[in-house]
1. Around GLY24, under 15 Å between beta carbons, what's the net of Lys plus Arg minus Asp minus Glu among the other residues?
2. Could you give the Stokes-Einstein D for the chain in µm² per second, using the C-alpha Kirkwood radius, 10 °C, 1.306 mPa s?
3. Could you give the size of the charge dipole of the chain about its Cα centre, using +1 on the Cβ of each K and R and -1 on the Cβ of each D and E, expressed in debye and rounded to the nearest 20?
4. Under the definition of Cα pairs under 8 Å and six or more residues apart, what whole-number percent is the relative contact order of the chain?
5. Testing the spin-label approximation: label points 7 Å from Cα along Cα→Cβ at GLN10 and ILE38. State their distance in nm.
6. How much length is gained if the chain between PHE22 and THR59 is pulled fully straight, taking 0.36 nm per residue apart and subtracting their Cα-Cα distance, in nm to one decimal?
7. Go through ALA11, PHE22, TYR57 and say which Cα lies farthest out towards the positive end of the charge dipole of the chain; charges sit on Cβ, +1 for Lys and Arg, -1 for Asp and Glu.
8. For region 1-39, run through the GluC sites (Glu not before Pro) and keep only the ones in DSSP coil with at most 13 other Cβ atoms within 10 Å of their Cβ.
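The values are calculated or read from the model by the stated rules, or taken from the named source; none is laboratory data. Keep in mind that what you see is a predicted model, and the values were worked out from it rather than measured. Cβ placement follows ideal geometry from the backbone for every residue including glycine, while neighbour counts extend to all protein chains displayed. Each accessible area value is taken on the protein alone, full model and side chains, heavy atoms only, with ligands, DNA and RNA left out. Shrake-Rupley method; radii C 1.70, N 1.55, O 1.52, S 1.80 Å.
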Amino acid sequence: MAIDCQLDSQARLSIPQDLLKFAGIEDEVLILGVLERIEIWNPKIYEAYMNNQPATYETVAEVVLKPTP
């Protein structure tokens with residue numbers, strides 16, 4: 001899920017409750033910059049997500065940038 005957000009007068013983001021619940025965010029967050037947006041994760045959920053990914057960026061880059069014979 002995603003929404004466009006505006007900063008308030010003190011440059012803060014207000015995240016709607018339904019998105020906080022969807023993301024499992026309670027008291028800690030992990031903020032990631034992704035191109036022209038940010039992702040806000042529950043750190044434990046993000047760690048589990050990353051641990052279940054089959055390849056890292058490094059291994060993908062090795063395959064993509066590998067010279068062809």
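1. Working: positive: LYS21, LYS44; negative: ASP18, GLU26, ASP27, GLU28, GLU39, GLU47.
Spelling it out: positives minus negatives among the neighbours equals -4.
2. The calculation lands on 108 µm²/s.
3. On the way: 5 positive and 11 negative charges, 33 e Å.
Taking the Cα centre of the chain as origin, the dipole is about 160 debye.
4. Values: 35 pairs, mean separation 11.6, N = 69.
17 percent.
5. Computed distance between label sites GLN10 and ILE38 equals 1.5 nm.
6. On the way: separation 37, 0.36 × 37 = 13.32 nm, distance 3.07 nm.
Gain on stretching PHE22 to THR59: 10.2 nm.
7. Of the candidates, TYR57 comes out farthest on the positive side.
8. Details: sites: GLU26, GLU28, GLU36, GLU39; in loops: GLU26, GLU28, GLU36.
Qualifying residues, ordered by number: GLU26, GLU28, GLU36.
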